[in-house]
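This report concerns only the one structure given below.
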Amino acid sequence: MTREGRGDHAAPNRPSDRKGFQGRAPVGAREPGAVRQDHVVEWRRRALTQQLPAAGFPAGSGVPSLVYLWASMFLAAAIILGFAINHERGVPPAIVDSQRDNVSKVATSTRMTIQHSVEDLDQRVAGRAPGTPDAELLKQVVGDGATWNGAVIMENATRRPLAKQGPELPMELLPPTLPTNVFPISTPEGPVLVRSIALDGTRTLLAIQQLTVDELRLNPEARQGVFALTPDGKSTLVQGVSAVDAAHHPTVFQGLAGSDSSEGHPIRVTEWTGRQLVVSSAPVGNTGVTLATLIVADETGGTSATRGILIGLTLLAAAVPSFLLMRTSLVRPVRSLLKQAKANACGEPCTKRRPLRVAEAHRIARALASTSADPSTPIAARRWWRWRWRPTVTQGLALATVLALLWPAAAVAATLRAPEPSIPDQLVRDEESRAEAASNLMGKALNNGLQTVLRVSQAAEAGDPAQMTPLLKQELADKQRFRSLYLVDPNGTVVSSVGREPLRNEPLRGEAGIDLDNDTSRVPVVYAFRVGANGVAAVGEYSIDYLLDMLRAVDGQARIVDENLRTIFDSEGFRAFEELRGSARGAAAEALKGGTVGRATAPDGRPTLIAAAGLSKPHTVTPLKWSLVVEQDLNGLRLPASDGRRWTVLVASLTAGAVLLTAVWQYYVFARPLRRLAGEADKISSGAVDVPIPPQRHDDVGALAMCLEVCRQARHAGSSRLGGASRLRGSEENPTAVLPAATGGAATDQAAAKRGGRIYRSGADREERG
């Protein structure tokens, strides 16, 4: 293959090129009829194609509109599938979630009760006097029998009871190796918790207590019951009634005993019509006991598959016209103009020019016609170039964007105008149970802190208050309940303190209890205190984060308010002592009178889910006169109607995002560069052909700019600049300057005339252009 056939660069004045083709290929003929014009045009087109950028994904002008169409088709399929998946009748997932959350809160509250009793037992055993008789130690452990109702001192070698107090402990049920933590055993009366403490190398103390659960607000209509499951697979009804016979319990509770996580699922019973059994479970810490609940829940209809299909079809019906308008405003004009520009850049005669209805494309086509190598083109096209209004690319894309945004706007408006779904009665009951469980949990946490302060105060009575710092540090580190723990003398002077600086300002009221400092408005200061017989008071200020963590564990927004309905704590952020407002205010005020309140409708008739319970358990927190309010976000409830609304709003939001992304993509990547190129084209149409046009981008618009630059060079320097003439490569950031011809003598003038009278230079390259 010759150098001409390969398109290699050749010097323009080589002797072999003086007759025939100039340069590296047949760009022009010195003798008439030397080369056929169609062969020249064909070669120029091949050479030009090698120089133009290839607009691959995602650089092509048609990519944004295609991406928008694909995204719309995907979202339409997603919303149809989403409605179809939840089409079957069944128990609303919100009820399953609510049951699982409630049993988790009951298990947490039970764990805290057990933990407090274990701490109290360990304190009694560790604080016993040396040489205390076994019988006396057992009496101290059992006490009034409210917590530990039985105890045994066992010989380790033979497992023979040496002393006992209270009910008999079945020694044969003990495991071969006694765990260090609390463990359960099953007795005919129900599960029993056992705590083992090694007294010395030969004896072990075993304390037992009956497993108890806080009283819950059960729904008798749903035949709700609470069960305790032990690792040996046995189940015991603790509260309520059993929805199924005991013979079916092993099947219903299969795999739940010993589980480390909360679970919940419905079970379809063949004999029941329109109802299902819902079982939920949660472990009680590391005790090995699992609490489970059973209820009978009614089935409801799912989402409408027909509605999902209708929404998906309307989405496609709105997407297709927008897609076509995007193609008409940008893609088709650019492609048609690029085809015409390539023909002009190759010197191909153009007998008919297709009208372009977009302003930027029309202006560029007019410049191409004025620089075309075909001398008859400008004359034949004069009537076509007469002025009339044409929309710009930006206007067309804006109209397509507005048209595409109509569907998400209409979908969201129709969804928000539709009536909100009603709240099932079971959810109201569960919300009341949730409020009560959270109230009991908070009360136990405050009471446990008070018990810690009581122990510190008793120790300060028996010793030197100034030497209590090690004990204060130990109690402060335990459970991280307090932000500061300190002792004050009768004059109010701090004797010993650990933790952060105390915030309490008001004097202590009473001998012992839990109180709120009303003189500090920056943060709520909740503290437990006890004044000893020697006048030295032990005070522990609760950590706000410790109390808030308990509220954040509640499903929904949980708030604690005082008797004046001021916000003390809020799980979602708050300002201390801000007045409670909204629908929760009435429920909190009613709960302060006593009992638990649940509401499914707001005063204005809108659906809501609010429950409030007063802090009354244990009795040590009753003087606070606090109320705990739990409010659910209805948009988060997994009800079939809510799922349909949420799914529609989600798809509408994603559609709007896809539309805006496509609009920004098309405007900044294609519309703006095309508008700048149209400005350059206007200069050429006005006769200014001395300024080069940079390629701008490596896409359709960049290829169009290169073709326009070829035509400008051909208009300025002759037909030798068409097609495959060698050219500089650069961008807008690497401008090319046109310098006047040098006049340094006859030889220089003659050489300049042979090169077309111009020398082209750029910042990156320097070469003479033919």
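The values are calculated or read from the model by the stated rules, or taken from the named source; none is laboratory data. These figures come from a predicted structure and were not determined experimentally. FYI the Cβ positions are ideal-geometry reconstructions off the backbone, even for glycines, and counts take in every protein chain you see.
Quick look at the numbers
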read-out	value
Residue pairs meeting the criteria (Cβ under 8 Å; at least 6 apart or on separate chains; first at pLDDT below 95, in segment 394-419; second outside any helix (DSSP H, G or I) and aliphatic (A, V, I, L, M))	Gly396/Val358
All positions within segment 598-624 that are charged (D, E, K, R), surrounded by 15 or more Cβ atoms within 10 Å (Cβ to Cβ) and either within 28 Å of the chain's Cα centre (by Cα) or outside any strand (DSSP E or B) (or both)	Lys617
Residue within segment 96-114 that is touching a residue at least 40 places away in the same chain (Cβ under 8 Å) and part of a loop (DSSP other than H, G, I, E, B) present	no
Filtered residue count, segment 204-234, keeping only those that are among the aliphatic types (A, V, I, L, M) and in a loop (DSSP other than H, G, I, E, B)	4
Residue ID - surrounded by the fewest Cβ atoms within 10 Å (Cβ to Cβ), chosen from residues in segment 208-233 that are more than 19 Å from Pro191 (Cβ to Cβ) and touching a helix residue (DSSP H, G or I) at 6+ places or on another chain (Cβ under 9 Å)	Glu221
Test set (1) more than 38 Å from the chain's Cα centre (by Cα); (2) under 18 Å from Arg481 (Cα atoms); (3) free of Cβ contacts under 8 Å to residues at least 40 places away in the same chain - Gly513 fails condition number	(3)
Conditions (1) over 28 Å from Asp430 (Cβ atoms); (2) surrounded by 17 or more Cβ atoms within 10 Å (Cβ to Cβ); (3) free of Cβ contacts under 8 Å to residues at least 24 places away in the same chain: number failed by Ala538	(3)
Qualifying residue in segment 120-127 (condition: surrounded by fewer than 18 Cβ atoms within 10 Å (Cβ to Cβ) and part of a loop (DSSP other than H, G, I, E, B))	yes
Residue in segment 204-218 that is farther than 21 Å from Lys105 by Cβ and of a type in the set (D, E, K, R) present	no
Pick from segment 451-492, criterion among the basic types (Lys, Arg) and part of a helix (DSSP H, G or I), ranking: farthest from Ala537 (Cα to Cα)	Lys473
Qualifying residue in segment 410-417 (condition: within 30 Å of the chain's Cα centre (by Cα) and surrounded by 22 or more Cβ atoms within 10 Å (Cβ to Cβ))	yes
Conditions (1) of a type in the set (S, T, N, Q); (2) part of a strand (DSSP E or B); (3) surrounded by fewer than 15 Cβ atoms within 10 Å (Cβ to Cβ): number failed by Thr180	(2)
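Residue-wise test of (1) closer than 24 Å to Leu471 by Cβ; (2) surrounded by 14 or more Cβ atoms within 10 Å (Cβ to Cβ).
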{"site": "Arg111", "(1), (2)": "no, yes"}
{"site": "Val118", "(1), (2)": "yes, yes"}
{"site": "Gln140", "(1), (2)": "yes, yes"}
{"site": "Gly145", "(1), (2)": "no, no"}
{"site": "Asn149", "(1), (2)": "no, yes"}
{"site": "Val152", "(1), (2)": "no, yes"}
{"site": "Glu155", "(1), (2)": "no, no"}
{"site": "Lys164", "(1), (2)": "no, yes"}
{"site": "Glu168", "(1), (2)": "no, no"}
